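Each remark here refers to the structure printed beneath this line.
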2 protein chains.
Amino acid sequence: MIKNLAITGGTHGNELTGVYLVKKWQKRPKLIERSNFKTVTQLMNIRAIKEVRRYIDHDLNRSFGSTDLGNDSLETYEAKLAKELNIKLGKKGDENPNVDFIVDLHTTTSNMGLSIVVSNMSDTTWRAIAYLCQKEPNLKVYRWQGDIENAFVDSIAPHGFAIEVGAVPQGVLRADLFLKTEALVYHLLDFVEKENSPSLLNLPHQLEVYEHKELVDYPRDEQGDITGMVHQDRQDMDFTLIHEGDALFLTLDNEVMTYKGESLYTLFINESAYYEKGFAMTLAQKKIVLIKDCSVEKIET
Amino acid sequence: MIKNLAITGGTHGNELTGVYLVKKWQKRPKLIERSNFKTVTQLMNIRAIKEVRRYIDHDLNRSFGSTDLGNDSLETYEAKLAKELNIKLGKKGDENPNVDFIVDLHTTTSNMGLSIVVSNMSDTTWRAIAYLCQKEPNLKVYRWQGDIENAFVDSIAPHGFAIEVGAVPQGVLRADLFLKTEALVYHLLDFVEKENSPSLLNLPHQLEVYEHKELVDYPRDEQGDITGMVHQDRQDMDFTLIHEGDALFLTLDNEVMTYKGESLYTLFINESAYYEKGFAMTLAQKKIVLIKDCSVEKIET
């Protein structure tokens, strides 16, 4: 039984879709009311939203690790904010969390379309995703595994994921993608209402997911400055396969650098915020998730 | 005779195309060498470039007005920087300017394609534009007139304009548009070389231009926050006509606001940096410029 769901927007202050969806719903809460659970909304990084920046001191969506949340000596704006938000929304790891499910709204400058980034492997999380894929056949699912997922906003609740929508520049609202994000959240609320009621949902038994494999950084000089950009043939080709020998980067000297390695799917190609994080795209394998027990089985790419 | 031309990049620190073109040419100056004039390159807003922000205190590309340049009491980062850059590149209004021609490299989140924003009406400026339009038939020319053009970077030299390329998110290099911008600058250098030599250039006698008419702001609440976004049917429709009754905005309450007024061309639709400046797009009329004497004649839209 899900008693509380939180919709969080503005975790990154320059991703306006989540900011304005939350503002919309705070004005018109009826739109997100359902019969058998409570939905709360939260504008996350208030200062960054005001300054239309991703963050003030460091990325809020990397600030919810248990160690950091328990470290009283951290003095940055986002470290303190994460603690406040955890008390309000999560109480991470607590037996009685304030919120059972978090959906965190993001946009990306990559051509990711309508996608979900998920690390949580709970049954409820994946049943929700299965329902959304049923309602939105174009929805893509990226299963993120690495060092950082335990510090994501949605990690403070027992169930949840992030919605990533693109391509949208920072500081911009695109009506088409705003409407798609809004519709997806309504589907999620409908799912929770149905999941909470005695009627049995008829969900797909397996889901196609893109499982994170590795990060690919830009070519860089000794000072760390980039010396090339995503090749024009790879730009916007999110969720497509890259094969050995395909054009990957174009250097500033007009040389084409090609891809070396096994065939994998390219995601988050040329996301603005990842220049400083040190990657030009991520690589993923296509797998299937069996919904019954949430185990992950590899299929051939 | 043009003796010196300056290519300026990073006037806005989050518009990477100009930043990395300048870095490229500073490493490989042969690429921009021509036989009969000198080309200099300048990275403009160094601090903003480092922080990948448009500016630190205020917009550098509104900081070159003669009054501001002559006002020693201005203490902002950009006000001081503008004075330094004016001494180095311009000496605005001086009989012996350091630089005869400035081309200032910009990108926009709007779908502006390859375009020129020009206020200067000098013969040389418009002969250059005519040559570029001959070489790049898709190039669009936006003649800006308002209160701010005298404060643009290119206003400190006798001749010049800005190149605007989009759609590119801030903090992102798109290889396709990087290459188009680079090619356009090479055409400009070729023009200057030919213009400086005795041979006569065979230029078009008239040019189609989009002449600035007015700004259209977003719907806003009493606090100035936007209450609507560019309608999905108008998004990306830069350089197309909008007619009375066409969808203009979609409010956060899902109401369609339509356009009222004469048929005009919409430009700079949904540029990120203009949310704070107070406009969602600009409106322009199509006119022709006669190259011989640079007079501007209206033609029917």
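The values are calculated or read from the model by the stated rules, or taken from the named source; none is laboratory data. Remember, it's a predicted structure, so these values are computed and weren't measured experimentally. Cβ atoms come from the backbone with ideal geometry, glycine included; neighbour counts cover every protein chain shown. Ligands, DNA and RNA are stripped out before the accessible areas are found, and what is left, the full protein with its side chains, is counted by its heavy atoms. Shrake-Rupley method; radii C 1.70, N 1.55, O 1.52, S 1.80 Å.
To check you understand DSSP bridge types, tell me what percent of the beta bridges within the protein assembly as shown (both residues inside) are antiparallel, rounded to 5.
Expressed as a percentage, antiparallel bridges in the protein assembly as shown total about 55.
Return the calculated 222 nm mean residue ellipticity for chain B, to the nearest 500 deg cm²/dmol, obtained by summing -39500 (n - 2.57) across DSSP H runs with n ≥ 4 and dividing by the residue count.
-7000 deg cm²/dmol
Label position 7 Å from Cα toward Cβ: report the copy-to-copy distances for residue B:260 in nm, one decimal, ordered from shortest.
Relative to the other copies, residue B:260 has label-point distances of 6.5 nm.
Relative contact order, percent, of segment A:89-146 when contacts are C-alpha pairs under 8 Å separated by at least 6 residues?
Relative contact order for segment A:89-146 comes out at 34 percent.
Find every distance from the label point of residue B:202 to the corresponding label point in the other copies (7 Å from Cα along Cα→Cβ) and write them in nm, one decimal, shortest first.
Spacings between copies for this position, smallest first, are 7.2 nm.
Return the percentage of antiparallel bridges among DSSP beta bridges fully within chain B, rounded to the nearest 5 %.
The answer is about 55 percent antiparallel.
Which pairs break 24 Å Cα to Cα here: B:260/B:287; A:50/A:91; B:3/B:80; B:30/B:92; A:80/A:180; A:50/B:24?
In this structure, A:50/A:91; B:3/B:80; B:30/B:92; A:80/A:180; A:50/B:24 lie more than 24 Å apart at Cα.
What residues qualify as long-range amide H neighbours of residue A:39, i.e. H under 5 Å apart, gap of 5 or more or another chain, H built at 1.01 Å from N?
The answer is A:5, A:34.
Please find, in a Gaussian network model of chain A (springs between Cα atoms separated by less than 10 Å), the residue of A:142, A:274, A:210 whose mean-square fluctuation is greatest.
A:274
For segment A:81-217, just the Cα atoms, rotate onto the principal axes and tell me the three extents in Å, largest first.
38, 37, 31
Over the heavy atoms of residue B:253, what accessible area does a 1.4 Å probe trace out, to the nearest 10 Å²?
For residue B:253, the solvent-accessible surface is approximately 80 Å².
Net charge near residue B:196, counting Lys/Arg +1 and Asp/Glu -1 over other residues with Cβ under 10 Å of its Cβ?
Cβ neighbours under 10 Å give a net charge of +1.
When you count, for each residue, the other Cβ atoms within 10 Å and take the mean per peptide, how do B:259-266, A:161-168, A:245-252, A:133-140 rank with the highest first?
Result, highest mean Cβ count within 10 Å first: A:161-168, A:245-252, B:259-266, A:133-140.
Sort the following peptides by mean Cβ neighbour count (other Cβ atoms within 10 Å, averaged over residues), highest first: A:2-11, A:177-186.
A:2-11, A:177-186
Share of antiparallel DSSP beta bridges in segment B:67-209, in percent to the nearest 5?
Of all bridge pairs located within segment B:67-209, approximately 30 percent are antiparallel.
In whole Hz and in residue order, list the ³J(HN,Hα) couplings for segment A:247-257 that follow from phi through the Karplus curve 6.51 cos²θ - 1.76 cosθ + 1.60, θ = phi - 60°; x for Gly and Pro.
4, 10, 10, 10, 6, 5, 8, 6, 9, 8, 9
Would you list which aspartates and glutamates come within 18 Å of residue B:27, measuring only between C-alpha atoms, while excluding same-chain residues fewer than 8 positions from it?
Cross-link targets: A:221, A:222, A:225, A:253, A:255, B:182.
Which residues of segment B:260-288 bury at least 20 Å² of accessible area once all protein chains are present, versus their chain alone (1.4 Å probe)?
B:270, B:272, B:275
Distance in whole Å from the B-onto-A rotation axis to the closest C-beta of chain B, together with the residue it belongs to, please.
Per the Cβ-to-axis criterion, the result reads B:169, 2.
Expressed as a rounded percentage, what relative contact order does segment A:158-301 have, with Cα pairs under 8 Å and six or more residues apart?
22
Please give every one of the lysines within straight-line cross-link reach of residue A:286, meaning a C-alpha to C-alpha distance under 16 Å, and leave out same-chain neighbours fewer than 8 residues apart.
A:140, A:213, A:298
How high is the relative contact order of segment B:8-145, in percent, counting Cα pairs under 8 Å that sit 6 or more residues apart?
24
Within 10 Å of each Cβ in peptide B:190-199, how many partner chain Cβ atoms are there on average? Round it to a whole number, please.
0
Taking 0.36 nm per residue of sequence separation and subtracting the Cα-Cα distance, how much length would be gained by fully extending the chain between residue A:196 and residue A:73, in nm to one decimal?
Taking 0.36 nm per residue and subtracting the Cα distance, the gain is 40.2 nm.
I'd like the carbon and sulfur percentage of the solvent accessible area for segment B:1-148, probe radius 1.4 Å, heavy atoms only, ligands and nucleic acids excluded.
46
Amide H neighbours of residue B:167 under 5 Å, counting only residues 5+ apart in sequence or on other chains, H built in-plane at 1.01 Å?
B:112, B:113
Distances from residue B:3 to the same position in the other copies: list them in nm, one decimal, shortest first, using label points 7 Å from Cα along Cα→Cβ.
Nearest to farthest, the other copies are at 8.1 nm.
How many angstrom separate the Cα center of segment A:256-295 from the Cα center of segment B:22-97?
Answer, in whole Å: 40.
What average count of beta carbons from other chains do you get within 10 Å of the Cβ of residues in A:105-115?
Mean partner shielding for this stretch: 1.
Determine the total buried accessible area between chain A and chain B, counting protein heavy atoms only with a 1.4 Å probe; round to the nearest 100 Å².
2900
Roll a 1.4 Å probe over the protein chains and send me the accessible area per residue for chain A in Å².
41
In peptide B:31-43, what is the residue-averaged number of other protein chain Cβ atoms found within 10 Å of each Cβ?
For peptide B:31-43, the averaged partner shielding equals 0.
Report, by chain and number, residues whose modeled amide H sits under 5 Å from the one on residue A:234, excluding near sequence neighbours (fewer than 5 apart, same chain).
It is none; the list stays empty.
Where does helix B:175-196 land angle-wise versus the long Cα axis of chain B, in degrees 0 to 90, nearest 10?
Once rounded, one gets 40 degrees.
Two decimals is fine: what's Rg over Rh for segment B:1-149, C-alpha atoms, Kirkwood radius as Rh?
0.95
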